[in-house]
1. Against the definition (in contact (Cβ under 8 Å) with a residue 40 or more places away in the chain and either part of a helix (DSSP H, G or I) or buried (at least 17 other Cβ atoms within 10 Å of the Cβ) (or both)), how does CYS5 come out, yes or no?
2. Quick check: is even one residue across the stretch 77-85 acidic (Asp, Glu) and either under 19 Å from CYS5 (Cα atoms) or under 10 Å from the mean Cα position of the chain (by Cα) (or both)?
3. Assess whether GLY25 counts as being closer than 23 Å to GLY105 by Cβ, modelled with pLDDT of 85 or more and surrounded by 13 or more Cβ atoms within 10 Å (Cβ to Cβ).
4. Looking only at the stretch 83-101, which residues are among the hydroxyl-bearing types (Ser, Thr, Tyr) and surrounded by fewer than 14 Cβ atoms within 10 Å (Cβ to Cβ)?
5. Which residues, counting only those in the stretch 14-35, are of a type in the set (A, V, I, L, M) and over 15 Å from PHE2 (Cα atoms)?
6. Can you work out which of the residues in the stretch 59-81 that are among the aliphatic types (A, V, I, L, M), at pLDDT below 85 and surrounded by fewer than 16 Cβ atoms within 10 Å (Cβ to Cβ) is nearest to MET101 (Cα to Cα)?
7. When you go through SER52, SER6 one by one, which is the residue that is at pLDDT 90 or above and either farther than 16 Å from PRO64 by Cα or in contact with a helix residue (DSSP H, G or I) (Cβ under 8 Å, 6 or more places away or on another chain) (or both)?
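The values are calculated or read from the model by the stated rules, or taken from the named source; none is laboratory data. On a predicted model such as this, the values are computed, not experimentally measured, just so you know. Methodologically, a virtual Cβ is constructed for each residue, glycine included, from the backbone with ideal geometry; neighbour enumeration extends over all protein chains shown.
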Amino acid sequence: MFAFCSISLIIAGVKGALVIAYFAGIVNIIPYIGPLIAVITGYCIRVTAVVSDGYYGAIGTTMPGILVAMSVVILLDNFLYNPMIKGKSLKVHSVEIFLVMIAAGG
């Protein structure tokens, strides 16, 4: 999670990407609310950095970059990487793991 978040945030041009990605990687182990906490903390870190630099107009332009980058990584993790990793470790097809995750979530 750290690697994918850092790469996506660097591509999005977010300063402090490694700090945000490190925290997102740690918090990702908390089910359901971990990614939400990571995005909110990423916003707070970035807004604090922008305000401390004195670029108040840049607050609105950096927020979509964080939201898109983190959302793409979270969606890829939940719908692609998790089923593949769990499928290989349990020796079942990843589609079956995906369907079980949807059924258990419902």
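1. Judged against the criteria, CYS5 is a match.
2. Yes - at least one qualifying residue is present in the stretch 77-85.
3. So GLY25 fits the description; yes.
4. Within the stretch 83-101, just SER89 meets the criteria.
5. Hit for the stretch 14-35 is ILE33, nothing else.
6. LEU80
7. SER6
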